[in-house]
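The values are calculated or read from the model by the stated rules, or taken from the named source; none is laboratory data. This structure is a prediction, so every number in the text was calculated from the model and none was measured. Backbone-built Cβ (ideal geometry, glycine too); neighbour counts: all protein chains shown.
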């Protein structure tokens, strides 16, 4: 499901916490999400990254494949779905690298609607044993503009999100052992 204000239940406008809708006292909608992300590599040690689409927080930066879980969906199932939608890759979870969160009380949703954003993230180690040319297959309006394979040196030179930089460092530490 694309990450849009409507999909998040925002209806395209910030909701007011005040009974009379007083704009000065209006607060952004509080949104919490649980996401699963992949530190995915191929047999050559390249890492799979996705570029955030225009109109989304972090637009233009390189991130990890993954995203929010749907209601009732396990993190592993969500990750498998997101890998296919965002990169056309099939992978195997080989471990858990960690959990983190990000809180931004003044974030803007894709339509420019203010949201009080909190995401809890689980980072999985994923092996892509038969890599192919990545391509984005999710519906139009999705948050992924493109995907690509990168050596760790190439990835470190990119404009990475904090989560992607963490994954690149952890994969590099694994490969150095």
Considering each of 174, 154 in turn, give the residue that is within 17 Å of residue 46 (Cβ to Cβ) and modelled with pLDDT of 95 or more. 154
Filter the stretch 1-57 for residues that are in a loop (DSSP other than H, G, I, E, B), surrounded by 18 or more Cβ atoms within 10 Å (Cβ to Cβ) and at pLDDT 90 or above; the one that is farthest from the chain's Cα centre (by Cα) is 46
